[in-house]
Amino acid sequence: MVKETILIVDDEFRLRKLVGDFLRKAGYDVLEAEDGEKALTLLSDNIALVILDIMMPGRDGWSVCREIRIKYNIPVIFLTARSQEADELFGFEIGADEYITKPFSPQILVARVKALLRRTEIIADTPFQFGGLTINTAAHEVYLDEQSLNLTPKEYDLLLFLAMNRGKALSREQILERVWDYNYFGDLRTVDTHVNRLRIKLGTLSKWIQTVRGLGYIFEEAK
């Protein structure tokens, strides 16, 4: 079995070593970068996940995350000392899949990595089709009127979860637990932020994601 490769990007050597040691014990291969510029040189489709600091000399984590979202469909976990709610929300807005603040538990971080990688695995070979929208789970791709949509891994997971529960009203709590992680303690507004970004990318098909007032969302064709 081929080991999945995790890229750790942080300017603190001791943190990279700590996280790297725990990930290697969990069975992953690890690459390290001490700044954003080096991280971008190491990125490839062979990277399964990126653990990314924000405050680094030179190119910061915000910039690296944006670049990843342009070129790759790789899950990103921010691991940072920036603990303000505004920073966390901004991290999700630019495409992060998880946001963990320092100090942190290495064991919990590894658990988050495993959970995130499980959620991004192929779960079926039969595409979901809704009007002009196609979710190809085998290729992990989404098409709108045969044009590929550039979704972040979290946006993809959210769309797939909604589509798999077509016609069922889902609370924000349910969505947060299933799409982010059962043990994720983020703000419920994270769900709204990602739904809004997903609707923008879906264009005319955004009508499929309907708001259920006082509860959450439902995926079904608007009447």
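The values are calculated or read from the model by the stated rules, or taken from the named source; none is laboratory data. The structure displayed is predicted, hence computed values, not measured ones. Heads up, the Cβs are rebuilt from the backbone with ideal geometry, glycines too, and the neighbour counts pull from every protein chain shown. The accessibility values were calculated without ligands, DNA or RNA, using every heavy atom of the protein model including side chains. Shrake-Rupley method; radii C 1.70, N 1.55, O 1.52, S 1.80 Å.
Tabulated data for the structure shown
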| quantity | calculated |
| --- | --- |
| C-alpha long axis of helix 153-164 to longest principal axis of the chain, angle in ° | 30 |
| Accessible surface ranking that places the most exposed of LYS3, LYS114 first, with a 1.4 angstrom probe | LYS3, LYS114 |
| Within the chain, percent of DSSP bridges classed antiparallel, to nearest 5 | 45 |
| P(r) histogram, all alpha-carbon pairs of region 9-108 included - 10 Å bins from 0, percent | 15, 53, 30, 1 |
| Long-range HN-HN contacts of LEU133 with modeled amide H, under 5 Å | ASP145 |
| Fraction of beta bridges assigned by DSSP in region 1-101 that are antiparallel (%, nearest 5) | 0 |
| Residues ARG189 and LEU18, FRET efficiency given R0 of 30 Å [Cβ-Cβ distance, rounded to 0.05] | 0.45 |
| Solvent-accessible area per residue for the chain (1.4 angstrom probe, square angstrom) | 50 |
| Accessible area, probe 1.4 Å, largest first, for residues ARG16, ARG119, ARG178 | ARG178, ARG119, ARG16 |
| Hypothetical label at LYS3: residues of region 23-56 whose amide nitrogen lies under 13 Å (7 Å Cα-Cβ projection) | 23-32 |
| Share of pairwise Cα separations in region 1-60, more than 18 Å, in percent | 29 |
| Listed pairs LYS71/LYS168; LYS102/LYS207; LYS3/LYS71; LYS71/LYS201 exceeding 28 Å between Cα atoms | LYS71/LYS168; LYS102/LYS207 |
| Under 15 Å, Cβ to Cβ, from ASN196 - net charge with Lys/Arg +1 and Asp/Glu -1 | +3 |
| C-alpha long axis of helix 13-25 to longest principal axis of the chain, angle in ° | 60 |
| For the chain, the spread of Cα positions along each principal axis, largest first, Å | 56, 35, 30 |
| Of TYR99, TYR143, TYR156, the one that fluctuates the most in a GNM where the chain has Cα springs shorter than 10 Å | TYR143 |
| With Cα atoms, 0 to 90° folded angle of helix 61-71 axis to the chain main axis | 50 |
| GNM top mover of ILE175, ILE100, ILE70 - the chain, alpha-carbon springs below 10 Å | ILE70 |
| The chain - percent of accessible surface contributed by carbon and sulfur, probe 1.4 Å | 49 |
